[in-house]
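**Q** Shown below is the structure under consideration.
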Amino acid sequence: MNFDNLVVVLAVAAAVPLILAAVPRVPVPGPVLEIVAGIVLGPAVLDLVKPDQAVRLVSTIGLAFLLFLAGLEIDVRHFRGPRARLAGLALGLSALLALIIGITLYAAGVVESPLLVGIVLMATSLGLIVPILKDAGVTDRPVGQFAIAGASLGELTPVVLLSLFFSGRATAISSKLLLLSLLGVLVVLVVIGTLRIERSMWITRMINRLADTSAQIRIRLSMLLVVGLGALATHLGFEAILGAFLAGAILRLVDADAEHKHPLFHPKLDAIGYGFLIPVFFVTSGLTFNLSVLFSNASTVLRVPLFLLALLVVRGLPAVLYWSALASIRDVAAAGLLQATSLPFIVAATTIGLQLHAIKPANAAALVAAGLFSVILFPTISLQLLRSSAKGPGMVPEQAHVRRQTCPQIRAHAVGVQLSDAGSMPAKRATTAHFGGHMSKPPLPEAAVTMLRKANPAVITTLRPDGQPVSTATWYLWDNGRVLVNMDEGRKRLEYMRSDPRVALDVLDESGWYTHLSITGHVDEMQDDADLADIDRLAQQYMGRPYPQRERRRISAWIAVDGWHGWGALKDSSQPG
């Protein structure tokens, strides 16, 4: 077996993120550039690289791993409650629209299989839209939750339908339904068995001990689950990708808090997938992309915008059902655009369709091209809508009135410290925020520093991307003129600090809360607490011993003081009140 072509494919995979990092203003997702690079280097253009046996083997494993990580994104909590019911109604409307469009295109002689095209149009790429929602800081807002719920259903349902109707074995639907039920029963048994095993303290301790050693036992067991369920799905007459997807969903179900309990587990899986296997799949998809047939005539080219519009109608239009629960028209539009974003499943489904002769190369190429454009255009537009929506415009009049009445402010124990209209204030103004004449400027007097050096109760306030203040109790340490705080990597306030560095800290004197100090400032340094030295310093201050929980990754942040206000024994004579 020759590995020359695989070397070039891996070189492309390594070059793409470097190029995107060097040109950050180019809003092109990595998978798009990988597919385009494959098209250019492959037989369609330069004919420098060929999808030989080694490339196709790694690509096939990459496809399975892509669906495995997609399953790992599925959170069953998004399938409960009123939000899930509304997202389910939207998916039902999507299925109806997909069927209508598929039948219409079939009647017009555009497509060969209305069912396959309909299934393709129903898909949403959950793994692509979650980073967009995080960048916009709206994962906790209703628009983010609806988008995630809708995308989760749009990821799960098409995979099941594709395996049910388009597997490699020609079997009656009734038999496939029976086999699918059998697969479901086996999955339930795997879940029950895994949960029972986790109750064993001896096994749990052993797995935890081996997890981050050279044994990497969690990774090995995960690979066993992926390959095992993939093989089982194949033996039952389904595509292996269904088994891989179910493996990811099972892992998420039985270990829903893995990101907190085992913080290195998911990054390791991402490293295997996104660092090696999945980029090979996308580059190979470009190598096998039939560019010549796409541009063989004008009617084939016109199918690209036609399919792109179909994606928008099938997955974007049903977002109008979210109107009653979302804050603005822009949120509804953003949710619809994100739901219409799809690429990995389109590539996978068209690959299977070509193998089964259920779709012609021209339509497969047009669908993939439409998926490429959806990933380039829809998230970019939705991100702008979400950011502008967070500032308030675009609301209906009644909602705008409520928003004005609840303009976010931070008040530090009634001393008049305000960060008014904080959501629209640029982070670069953090060191020059206007607090009027209420705040004294640093340096702090010795009496205030002496108080800050004690193990006092304190409350820290950060700002969500939409401007809403969030306060929580915290440990702190006065550290050479700055305030040191330390957070678990999963804390939301860490995400807020990275988005907006402005913070407020209220410290109550341990000997009497009437004496207290309010600080406004900004985070001017943040770094990993690699050996937990910083959290140990804080724990020694407050507990008299090292921090007990050693398995979680933590981040240290240092807050520079921009202004302060004292009360009680610390009141500055120049301060009002």
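**Q** If contacts are Cα pairs under 8 angstrom and at least 6 residues apart, what is the relative contact order of the chain in percent?
**A** Rounded, it is 16 percent for the chain.
**Q** Stokes-Einstein diffusion coefficient for the range 453-573 at 37 °C in a medium of 0.692 mPa s, Rh from the Kirkwood formula over Cα pairs: what value in µm²/s?
**A** This corresponds to a translational diffusion coefficient of 221 µm²/s.
**Q** Sticking with this structure for a sec: Let me check against my output: what whole-number percent is the relative contact order of the range 214-370, with C-alpha pairs under 8 Å and at least 6 apart?
**A** Reported relative contact order: 19 percent.
**Q** Using only the alpha carbon atoms of the chain, find the Kirkwood hydrodynamic radius as the inverse mean reciprocal pair distance, in angstroms to one decimal.
**A** 26.5
**Q** Apply 1/(1 + (r/R0)^6) to the Cβ-Cβ distance of L57 and I217, taking R0 = 25 Å, and write down the FRET efficiency to the nearest 0.05.
**A** After rounding to 0.05, the efficiency reads 0.45.
**Q** Let me ask something additional. Using alpha-carbon positions, what is the distance between the centroids of the range 298-325 and the range 338-383, in Å?
**A** Their Cα centres are 12 Å away from one another.
**Q** If each DSSP helix of 4+ residues adds -39,500 (n - 2.57) and the sum is divided by the residues in the chain, what number results at 222 nm, nearest 500 deg cm²/dmol?
**A** -18000 deg cm²/dmol
**Q** To the nearest 0.05, what FRET efficiency results for S324 and L182 with a Förster distance of 51 Å applied to their C-beta separation?
**A** 0.80
**Q** Turning to a different aspect of this structure: Dipole of the chain (Lys/Arg Cβ +1, Asp/Glu Cβ -1, origin at the Cα centre): which of G109, A64, P82 lies farthest to the positive side?
**A** P82
**Q** Relative to the Cα centre, what is the charge dipole magnitude of the chain, using +1 at the beta carbon of each Lys and Arg, -1 at the beta carbon of each Asp and Glu, and rounding to the nearest 20 debye? Kindly include the intermediate steps, with their values, before the conclusion.
**A** Details: 48 positive and 40 negative charges, 163 e Å.
Rounded to the nearest 20 debye, it is 780 debye.
**Q** Across the range 274-284, in residue order, what do the Karplus-derived ³J(HN,Hα) couplings come to in whole Hz, using 6.51 cos²θ - 1.76 cosθ + 1.60 with θ = phi - 60° and x for Gly and Pro?
**A** Ordered by residue, 3J(HN,Hα) equals 6, x, 9, 6, 5, x, 5, 4, 5, 5, 5 Hz.
**Q** A further question on this structure: Return the whole-Å distance between the Cα centroid of the range 102-147 and the Cα centroid of the range 216-253.
**A** Centre-to-centre (Cα) distance: 24 Å.
**Q** State the Cα centre-to-centre distance between the range 26-47 and the range 507-577 in whole Å.
**A** 50
**Q** A further question on this structure: What's the ranking of 550-561, 241-252 by average number of surrounding C-beta atoms within 10 Å, highest first? Could the numbers behind the result be given before it?
**A** Details: 550-561: 18.5, 241-252: 26.0.
Descending mean neighbour count gives 241-252, 550-561.
Where a number appears in this text, it was derived from the coordinates with a stated rule and is not lab data. None of these values were measured; they are calculated from a predicted model. Glycine gets a Cβ as well: all are built from the backbone with ideal geometry, and neighbour counts include every protein chain shown.
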